[in-house]
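Undergrad: One structure follows; several queries about it will come next.
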Amino acid sequence: QVSAALKEGRVTPTELCQRCLALIKSTKFLNAYITVTEEAALKQAEESEERYKKGQPLGILDGIPIAVKDNFNTAGIETTCASKMLKGYISPYNATVVQKLLDRGAVLLGKTNLDEFAMGSGSTDGIFGPVRNPWSYSKQYKEKSVPKSHSEDKESDWVITGGSSGGSAAAVSSFTCFAALGSDTGGSTRNPAAHCGVVGLKPTYGLISRHGLIPLVNSMDVPGILTRCVDDAAVLLGSLAGHDPKDSTTIQDDFKPFELPDLTDVSKLSIGIPKEYNAPGLSSEILALWSKAADLFKNAGAKVVEVSLPHTRYSIVCYHVLCTAEVASNMARFDGLEYGHRSDVKDSTESMYAATRREGFNDVVRGRILSGNYFLLKQNYEKYFVKAQKVRRLIANDFVKVFRSGVDILLTPTTLSDAAPYTEFIQEDNRTRSAQDDILTQAANMAGLPAINVPTALSERGLPVGLQFIGRSFQEKQLLTVAKWFEKQVQFPVIQLEEVKRHDNGVCQHQKSASFS
């Protein structure tokens, strides 16, 4: 819609960019951005404006303000991964996905906040401080939350965004940009999308290039897409997907961008409900919503079947072994010699190297490096790493069997509950929280399958709750078409933020439907 407004001249790229930059300033308290590239963004917007004046826009993304998670390399702009280890590091090149967006005329507003090196599920563990969920300041949440007597209590009343792409989710949710890039290794795009009431797409592994995404777990990482509606996610996917000679894991075939059809008949669809996703800790509220969504498909004529993914219960333990092993390998490059932080300890190369890593990484990153190196020791390699790889294959095979049985799409919850208050969330350590929060999302990463979070309703506390759709490998079109149909049925309410109300363009927004909430 905003692309059409740009084409028709109802708004110029510069006006749009200025509006978004003003919103970033007025919502600074959310801590969604680490770096705001105001000067460069306005220059890009001016260039876009010239193209529109000549009637030669580069496509639907020309002039559209976007944000990028701060673990994607951006030429000439600091890339920190929210870590002391990379503070001040300026990459000499753009990640492929960033370059593709810029080539299509998108306006880069800045880099968004995250957990350090994307290790976490709350966006609370980076050196720039935690990201606040925009819904903490929404009319919907304020009306439902119990008023606190003390002002200091009021200040700590905000809820987390989820993670690790919390900055990107908060940026899209608070209208400061129209789309954002995140990364997804175990649910890092879908989890914050669910907590912030936005669409979060994790594409099939290999569909989008990872070149320039600072790696966490090479065999599971994928760039994620965060938008305010499913159609927008499809537009971004069309611009980003396809082979990249710089990433050998990308598909060889050309990717043809698609427009999503309006699905009217779901009677030919088979929706699978995996019983293992009724996991310990799943709130009764989300369970009821999940069941309601299944009924929605059933009543519309779709075939809804209960399916089993028996190895799901081993996935968290398996993920922990594989994740830490790959982290230990990937983090070895941060040694203080080539780039990033370097310690002042000068006794020897060894001591400088050790001190650099001790000073540069937080406890979470150091803990994962230690675990990973333990699993990779010669005496442990077969017992842990190789066994985890075998279990991973069993988890992937579970999905293959279910899809071969005739199921088209799996419907599951995205998170166990709505967003936790920050003060409650930090009571537990990062590893415990990540294990709990990734339980419903990371099996899709193990199997390399596409999955999407669709915001579904508001909880009793007035916070967003999302449901997840998991599709067959490289069948993004079918997955997104079903997600779009579901999005239309549930009519998720628009966040009512006093700060942004007057700037609101009504882009891709839906009115609340009493029938589903």
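Undergrad: Would you mind telling me which numbered condition in (1) more than 21 Å from residue 402 (Cα to Cα); (2) in contact (Cβ under 8 Å) with a residue 24 or more places away in the chain; (3) open to solvent by 60 Å² or more (accessible area, probe 1.4 Å) residue 233 fails?
TA: Here residue 233 clears every test but (3).
Undergrad: Given the criterion over 19 Å from residue 397 (Cα atoms) and either surrounded by fewer than 22 Cβ atoms within 10 Å (Cβ to Cβ) or of a type in the set (A, V, I, L, M) (or both), identify the matching residue among 306, 338.
TA: 338
Undergrad: Look at residue 242 and say whether it is touching a Gly at 6+ places or on another chain (Cβ under 7 Å), modelled with pLDDT of 95 or more and open to solvent by less than 10 Å² (accessible area, probe 1.4 Å).
TA: Answer is no for this residue.
Undergrad: Could you please find all residues in region 22-44 being part of a helix (DSSP H, G or I) and surrounded by fewer than 20 Cβ atoms within 10 Å (Cβ to Cβ)?
TA: Once the filter is applied, which keeps residues that are part of a helix (DSSP H, G or I) and surrounded by fewer than 20 Cβ atoms within 10 Å (Cβ to Cβ), region 22-44 yields 22, 25, 26, 28, 29, 38, 39, 40, 42, 43.
Undergrad: Something else: Please work out if residue 382 is free of Cβ contacts under 8 Å to residues at least 12 places away in the same chain, within 25 Å of residue 287 (Cα to Cα) and open to solvent by 40 Å² or more (accessible area, probe 1.4 Å).
TA: no
Residue-by-condition table, conditions (1) among the aromatic types (Phe, Trp, Tyr); (2) crowded, with 19+ Cβ neighbours inside 10 Å:
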| position | (1), (2) |
| --- | --- |
| 373 | no, no |
| 403 | yes, yes |
| 415 | no, yes |
| 423 | no, no |
| 444 | no, yes |
| 448 | no, yes |
| 463 | no, yes |
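Undergrad: Additional query: Against the definition (aromatic (Phe, Trp, Tyr), surrounded by fewer than 20 Cβ atoms within 10 Å (Cβ to Cβ) and assigned to a helix (DSSP H, G or I)), how does residue 314 come out, yes or no?
TA: It is true that residue 314 is aromatic (Phe, Trp, Tyr), surrounded by fewer than 20 Cβ atoms within 10 Å (Cβ to Cβ) and assigned to a helix (DSSP H, G or I).
Undergrad: I've got another one for you. Out of 59, 76, I need the residue that is within 26 Å of the chain's Cα centre (by Cα) and free of Cβ contacts under 8 Å to residues at least 40 places away in the same chain. Which one?
TA: 76
Undergrad: Out of all the residues in region 19-30, which are of a type outside the set (Phe, Trp, Tyr) and out of contact with any strand residue (DSSP E or B) (no Cβ under 6 Å at 6 or more places or on another chain)?
TA: 19, 21, 22, 23, 25, 26, 27, 28
Undergrad: Count, please, the residues in region 1-21 that happen to be within 25 Å of the chain's Cα centre (by Cα) and either open to solvent by less than 50 Å² (accessible area, probe 1.4 Å) or within 30 Å of residue 124 (Cα to Cα) (or both).
TA: Count: 7.
Yes/no per residue for (1) under 20 Å from residue 443 (Cβ atoms); (2) part of a strand (DSSP E or B):
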{"site": "168", "(1), (2)": "no, no"}
{"site": "172", "(1), (2)": "no, no"}
{"site": "186", "(1), (2)": "yes, no"}
{"site": "194", "(1), (2)": "yes, no"}
{"site": "219", "(1), (2)": "yes, no"}
{"site": "224", "(1), (2)": "yes, yes"}
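Undergrad: Does residue 109 count as assigned to a strand (DSSP E or B), touching a residue at least 24 places away in the same chain (Cβ under 8 Å), open to solvent by less than 10 Å² (accessible area, probe 1.4 Å) and closer than 22 Å to residue 40 by Cα?
TA: Criteria met by residue 109.
Undergrad: In region 254-265, is there at least one residue being open to solvent by less than 10 Å² (accessible area, probe 1.4 Å), in contact with a helix residue (DSSP H, G or I) (Cβ under 6 Å, 6 or more places away or on another chain), of a type in the set (A, V, I, L, M) and touching a residue at least 12 places away in the same chain (Cβ under 8 Å)?
TA: no
The values are calculated or read from the model by the stated rules, or taken from the named source; none is laboratory data. This one's a predicted model, so the numbers in the text were calculated from it and none came from an experiment. When we count neighbours, we look across all protein chains shown, and the Cβ atoms used for this are built from the backbone with ideal geometry, even at glycine. Side chains are part of the model used for accessible areas, which takes the heavy atoms of the whole protein and leaves out ligands, DNA and RNA. Shrake-Rupley method; radii C 1.70, N 1.55, O 1.52, S 1.80 Å.
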